[in-house]
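Note sheet for the following structure.
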There are 2 protein chains.
Amino acid sequence: MSDALRQFKSEIFQGLAHPTRIAIVELLRDGELSAGGLIEKLRIEQANASQHLAVLRAKQILVSRKVGNQVYYSIRDRALIEVLDILRRYFYAQLDSTVTMLKEAVNERPKTRPRGHR
Amino acid sequence: MSDALRQFKSEIFQGLAHPTRIAIVELLRDGELSAGGLIEKLRIEQANASQHLAVLRAKQILVSRKVGNQVYYSIRDRALIEVLDILRRYFYAQLDSTVTMLKEAVNERPKTRPRGHR
DNA sequence: CGCATATATTCGTAGTTTCGAATATAATTG
DNA sequence: CAATTATATTCGAAACTACGAATATATGCG
C-alpha cells in the first residue's frame with residue numbers, strides 16, 4: 001500500500017483524535033450547523049471551537065459555506081460517520097468482554113462459601 | 001452520546017494517528033507477526049518500532065503473546081480493518097473529485113482558442 | 001459611516017509526541 | 001554461568017498540539 005494513502009489515513013485520524021472534534025462531527029451527523037450553533041452545544045470557548053473547526057477544515061473532514069454573517073459547517077463525506085459507528089460497536093464489544101472477564105474472576109473466587117483456591 | 005465513548009474513540013484515533021502505526025496494523029491484517037518480523041518489513045529502528053507497538057498495545061488495538069524469545073502481535077478486533085478499508089475508499093473518492101474539479105477548471109479555460117476570462 | 005455580531009487568527013505557555021542513542025530485561029544456547 | 005538474540009524502556013532534544021486571552025476580519029444594520 002502506498003505511502004500517500006497511509007499518510008492520508010493518519011491525517012484523518014489526527015483530525016479526529018480529540019474528543020471535542022469528535023463531538024463536532026457527531027453534532028453534524030444530521031446536517032449542517034453554524035459555528036455559533038456548534039459553540040452553543042459544545043459549551044467551550046469560541047476561540048477554541050474555531051481552532052478545532054480549522055483543524056477539521058484543513059483535513060477536509062468538514063466543509064463550510066458562508067451565509068451572511070455566519071458560517072455553516074457540514075460533514076464532507078458520510079464515510080466518516082460510518083467509521084464512528086463502527087467504533088461505537090467496537091467500544092461496546094470491548095466493554096462486554098471486560099465485564100465477562102470480571103464475572104469470571106468473581107466466579108473463581110466465590111464470596112459465600114470461601115474455600116481458598118481449590 | 002457519552003463522554004466516555006467520545007474519549008474512547010479519540011484514543012483509538014490517536015493510536016492510529018501515525019503512518020508507521022497504520023503500516024503495522026496493515027501488516028497484521030492477515031495474521032500475527034513477531035516484533036522482529038514487523039521491524040524487518042517496516043525498515044525502521046528497533047526502538048522506534050517497539051515504541052509504536054507500545055502505543056498500539058496501550059490503546060488495546062493490538063494484543064501480543066510471547067513465544068520463547070519472541071513476541072507475536074495481532075489485531076485485537078477486525079473492526080479496525082474495516083475502518084481502514086472505509087478510509088481507503090474515501091481516499092480514492094476524494095482523489096476522484098479533485099481530478100474532476102481540475103478537469104472542469106481546464107475546460108473553462110480552453111487552450112486551443114484562448115479568449116480571456118469569460 | 002460607526003457600532004454590533006459572528007467568526008478566524010495570532011500569541012505565549014504548558015503539555016505531549018516522536019525520534020535515535022543508550023541501556024535494561026528475558027529467554028536461549030553452549 | 002557467559003554470550004547471544006529478541007524485545008522493551010529510559011532519556012533528552014526537537015517538533016507539534018491545545019488552551020485562553022487578545023486581536024483581527026467580515027458582514028449587517030441604523
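With B:GLN60, B:GLN7, B:GLN14, B:GLN70 as the choices, which residue is surrounded by fewer than 19 Cβ atoms within 10 Å (Cβ to Cβ) and more than 10 Å from every other protein chain (Cβ to nearest Cβ)?
B:GLN70
Could you count how many residues in the range B:16-54 are touching a His at 6+ places or on another chain (Cβ under 8 Å) and among the β-branched types (Val, Ile, Thr)?
Initial filter on the range B:16-54 (touching a His at 6+ places or on another chain (Cβ under 8 Å)): B:18, B:20-21, B:24, B:52.
When the remaining residues are screened for being among the β-branched types (Val, Ile, Thr), the result is B:20, B:24.
Result for the range B:16-54: 2.
Find the residue count for the range B:11-20, including only residues that are free of Cβ contacts under 8 Å to residues at least 40 places away in the same chain and more than 13 Å from A:ILE12 (Cβ to Cβ).
So the answer is 1.
Looking only at the range A:78-91, count every residue that is more than 9 Å from chain B (Cβ to nearest Cβ) and in a helix (DSSP H, G or I) and tell me the total. Quick ask: steps written out before the conclusion?
Restricting attention to the range A:78-91, the residues satisfying the condition of being more than 9 Å from chain B (Cβ to nearest Cβ) are A:78, A:81, A:85.
Checking the rest, the ones that are also in a helix (DSSP H, G or I) come to A:81, A:85.
The total comes to 2.
None of the figures in this text is laboratory data; all of them are computed from the coordinates on show. All of these numbers come straight from a predicted model, not from anything done at the bench. Methodologically, a virtual Cβ is constructed for each residue, glycine included, from the backbone with ideal geometry; neighbour enumeration extends over all protein chains shown.
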